Amino acid sequence: VQLVESGGGLVQAGGSLRLSCAASGRTGSRYTMGWFRQAPGKEREVVAAISWSGGTTSYSDSVKGRFTISRDNAKNTVYLQMNSLKPDDTAVYYCALKATVIFIPAARDYDYWGQGTQVTVSS
């Protein structure tokens, strides 16, 4: 399984970015997807997750109301729409795939990871 993120970049505070993550290989038909981020000197944290059907989502408190996770299973792609960005959102963002139909919002033990995409928010 390969995960490739795109859409990162430099944006001013208050701006928006949309990250995409395309999955390929033997993903199976039902899997959970998540977005994580890691800022310099900090641990990797879960940002958002979405169930295989897209019907259930979860968000960290720090992004709730500003970020939206979604997926298009026909394209094997998951998205993270990020609005009202803040300098504290600056980090490398990773998408991850968990090969299970069971949705666990706070799970960190994902099976596959992308290479990451840099998001930088200037003040």
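The values are calculated or read from the model by the stated rules, or taken from the named source; none is laboratory data. Computed from a predicted model, the values in this text were never measured in an experiment. Cβ sites come from the backbone with ideal geometry, for glycine too, and all protein chains shown count toward neighbours. Calculation scope for accessible area: heavy atoms of the full protein, side chains included, ligands and nucleic acids excluded. Shrake-Rupley method; radii C 1.70, N 1.55, O 1.52, S 1.80 Å.
Here are the numbers for this structure:
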{"item": "Dmax and Rg, reported as Rg then Dmax, of the range 25-87 (C-alpha, Å)", "result": "12.7, 37"}
{"item": "Lysine pairs within the chain, Cα separation less than 25 Å, 8 or more sequence positions apart or different chains", "result": "6"}
{"item": "Length-normalised contact order for the range 13-69 - Cα pairs under 8 Å, 6+ apart - percent", "result": "23 percent"}
{"item": "Nitroxide proxy distance, nm - points 7 Å out along Cα→Cβ at Q38 and A107", "result": "2.0 nm"}
{"item": "Estimated distance in nm for a label pair at N83 and S24, the labels positioned 7 Å out from Cα along Cα-to-Cβ", "result": "3.3 nm"}
{"item": "1.4 Å probe accessible area per residue over the chain, in Å²", "result": "51 Å²"}
